[in-house]
Amino acid sequence: MSQHTFRPLSAKDQKWVSKYTAEHWGAEVVVVHQAKYWPAECPGFVGEDQGNVVGWITYQIEGDSCEIITLNSLVEGRGIGTALINLVKYEALKSGCTRLWLITTNNNTQALRFFQRIGFRFSGLNVGAVDEDRKLKPEIPLVDEAGIPIRGEWVLEIALK
């Protein structure tokens, strides 16, 4: 039986985080709500199974708000994403945050289902926001693998206090 372990991301993880982000997100930078983030430089956590990475998450705390920047679960259906989010939630609470939030694009229906299932609620829709984000990151595709146009950003959040 597999045993997942979790630890904070460290400087030694920056290289593979940058590489993964570039390969799967189109560049080493992530752009949401007109802001640029370099996940390799953000705080976060990594999940491992017998030394192999099975998932990781990055976040940013600003004031009383904690934003999840990236969540990557390489093995679905085993609770890795949920565990990573719970670690960030704990850090946010320790830091005095009252809100944990994230953005995903309109086409990411699998993520929308997952986040709602674990307690996130819709709090906004930024219509046309991805068109604006493309000005900062032209690598964002116009459509996904299924042919769905990528146009808007869903805002989801959990109240922490």
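The numbers here are math on the coordinates, done by the rules we state, and not lab data. The structure displayed is predicted, hence computed values, not measured ones. Heads up, the Cβs are rebuilt from the backbone with ideal geometry, glycines too, and the neighbour counts pull from every protein chain shown.
Cα to Cα, under 27 Å, and not fewer than 8 places away if on the same chain: which lysines meet these conditions relative to LYS89?
Within reach: LYS12, LYS15, LYS19, LYS36, LYS161.
Are there GluC sites (Glu not before Pro) in segment 124-161 that DSSP puts in a loop and that have at most 10 other Cβ atoms within 10 Å, and which ones?
Values: sites: GLU132, GLU139, GLU145, GLU153, GLU157; in loops: GLU139, GLU145.
Filter output for segment 124-161: GLU145.
Taking H placed 1.01 Å from N in the peptide plane, check which residues at least 5 places from THR105 or on another chain put their amide H under 5 Å from its amide H.
TRP154
Quick one: Cα centre-to-centre distance for segment 24-77 and segment 96-161, in angstrom?
So the separation of the two Cα centres works out to 14 Å.
What percentage of all Cα-Cα pairs in the chain are separated by more than 27 Å?
In whole percent, the long-distance tail amounts to 21.
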